[in-house]
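Written below as structure tokens is the structure these notes are about.
The values are calculated or read from the model by the stated rules, or taken from the named source; none is laboratory data. Being a predicted model, the structure only gives us computed values, none of them experimental. Methodologically, a virtual Cβ is constructed for each residue, glycine included, from the backbone with ideal geometry; neighbour enumeration extends over all protein chains shown. We work out accessible area using only protein heavy atoms, side chains counted, and drop any ligands, DNA or RNA first. Shrake-Rupley method; radii C 1.70, N 1.55, O 1.52, S 1.80 Å.
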Amino acid sequence: SCHNQGLGLVTFAMAKESGFAISDSIVQEAIDSTYRQWKTPDKIRELMENDDPSAVLITGDYDLWALKENNFKSDKLIDILSRNIMRKQTFNGSWFSPGQRPPLEYYSFSVTALAVKNIQAYMPAVLKNEVAQRVARARVWMIQTKPVANEEKIFKLLGLTWCDADKNYIAQQATALLSAQHADGGWSQLDSLPTDAYATGQALYALNKCGALNVTDAAYEKGIDFLLHSQQADGSWHVKTRSFPFLPFIDSGFPHKADQFISAAASNWATMALLLAVKKE
């Protein structure tokens, strides 16, 4: 299911690292399907000709993150995909998201942070100088650009962490994100929306990964309580979509009907936040 497949693989990798028994065959099936969707003549042509910016910058970035978390080694296809993404950087240093389905396919902060992470992970050594220059430009853009939505705050914090920005500045951004925690322990995607598992899981993950919040801190424990109390009986989390349905609905099999894609992403982010707490105990 596009980028949700990538998030699922990140969750699998974290679960295995935390000692959970994860079926190798299921993980391998997910890795194979993620990889194979790029290994078709049409996809390779599109990558070589820069002919499909939307799917490459969104799906490609999530897929590369997922593959790297599962120790997938680079090959010619991965090189082509990551190089395609790298060279779509805009003049101001960011990567532009042409998608119009918030929150996953909408914000330049999301694409920029993931692109920075992926080109550092997968670009060959011969392009080391170009990668360093592009990461530096992205770092400047992220520092100079103000985030508004929770998704932007999350990926600004992750992006700055992934590109080794000034730690004091990262701490300032983390403090701002932490101050947005609601009394119920959760975060909301927008100030006008209620708290949900998508925004909360993301916030806990980002705050922990940047070093600003330990899993034993009161704020993290409040967030965990929110996630545990909002989890559905089937193990998933239900989050209402705020994306305009301009494409025909396709049922992926995940619960929650028309809300299933954002709910799948939310369930992954929530599980990732929980896994961090398990790992540190």
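The modelled label-to-label distance for the pair Gln172/Ser25, using points 7 Å beyond Cα in the direction of Cβ, is 5.4 nm.
Which one of Ile22, Ile31, Ile154 has the biggest mean-square fluctuation once the chain is modelled by GNM with Cα springs under 10 Å? Highest fluctuation of the listed residues: Ile22. Full extension of the segment from Leu193 to Phe244, taken as 0.36 nm per residue of separation minus the current Cα-Cα distance, would add 16.8 nm.
Over 25 Å apart: what share of the alpha carbon pairs of the range 1-145 falls there, rounded to a whole percent? Roughly 27 percent, once rounded to a whole number.
Counting each DSSP H run of 4 or more residues in the chain as -39500 (n - 2.57), what helix-only mean residue ellipticity at 222 nm follows after dividing by all residues, to the nearest 500 deg cm²/dmol? Walk me through the numbers on the way to the answer.
Details: 12 runs with 161 residues, N = 281.
Here the helix-only value at 222 nm equals -18500 deg cm²/dmol.
If you roll a 1.4 angstrom probe over the protein chains with everything in place, what fraction of the accessible area of the chain belongs to carbon and sulfur, to the nearest %?
54 percent
When peptides 192-198, 155-161 are ranked by their average number of other Cβ atoms within 10 Å per residue, the highest-first order is 155-161, 192-198.
Taking a probe of 1.4 Å, how large is the accessible area per residue of the chain, in Å²?
Heavy-atom accessible area per residue stands at 47 Å².
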